[in-house]
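Structure, as structure tokens:
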Amino acid sequence: MENCLFCKIVQGEIPCEKVLEDSDFLAFKDINPKARVHVLVVPRKHVSSLNELEAATAKEGGASPEVDGQALLDFVVRVARASGIEESGYRAIVNVGPHGGQEVPHLHFHVLGGEDLGDLR
Ligand code: AMP
């Protein structure tokens, strides 16, 4: 999608520090980390927010979904594993909309860890 920051990162127009990628998802380091490990996970295809994931996941007539929500969750865990925090624990957060503090309107998980997060929000 035009003028979408994370679409530009997916397309390589804006650089990022890649952590993990496959044909559907990309994980890269947050530019303003809130914990020792702070990785963002995005679907390559544009989905504005978690609210739109259900429609994107719907399989019409047996066709592949635009974005597979289960595969996205599995990828988040792979990112935690690749970051060495699967066992120590982490937080996977999705901000949605204005009250949720979503600044970038392209669905993304924050994967935070590498330290005791306590009450960090
Ligand atoms: P949210 O507030 O949930 O939409 O999160 C957006 C996140 O994107 C914030 O944590 C920002 O620090 C992060 N961010 C913004 N621009 C970049 C960028 N160019 N590369 C990596 N992370 C970014």
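The values are calculated or read from the model by the stated rules, or taken from the named source; none is laboratory data. Given the structure is predicted, the values throughout are model-derived calculations rather than measurements. Here Cβ is always computed from backbone atoms with ideal geometry, including for glycine, and neighbour counts include all displayed protein chains. To get the accessible areas, we keep the full protein, side chains included, count just its heavy atoms, and leave off ligands, DNA and RNA. Shrake-Rupley method; radii C 1.70, N 1.55, O 1.52, S 1.80 Å.
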Karplus ³J(HN,Hα) for the range 101-109 (6.51 cos²θ - 1.76 cosθ + 1.60, θ = phi - 60°; Hz, whole; x = Gly/Pro) runs x, 6, 9, 10, x, 9, 2, 8, 9
Under the helix-only model (-39500 (n - 2.57) for each DSSP H run of 4 or more, divided by the residues of the chain), the mean residue ellipticity at 222 nm, to 500 deg cm²/dmol, is -6000 deg cm²/dmol
Quick one: net charge around residue 66, please, counting Lys, Arg +1 and Asp, Glu -1 for every other residue with C-beta under 13 Å from its C-beta. -2
When ligands, DNA and RNA are left out and all protein chains stay put, how many square angstrom of accessible area per residue does the range 31-102 have with a 1.4 Å probe? 61
Go through the chain and flag any cysteine with no other cysteine's C-beta closer than 4.7 Å, please. 16
Per the Kirkwood formula over distinct C-alpha pairs, the hydrodynamic radius of the range 26-121 in angstrom is 14.1
What is the percent carbon and sulfur in the accessible area of the chain, measuring with a 1.4 Å probe over the protein chains and ignoring ligands? 48
For the chain, take the longest principal axis of its alpha carbons; what is the angle in degrees between that and the long axis of helix 69-82, to the nearest 10 within 0 to 90? 30
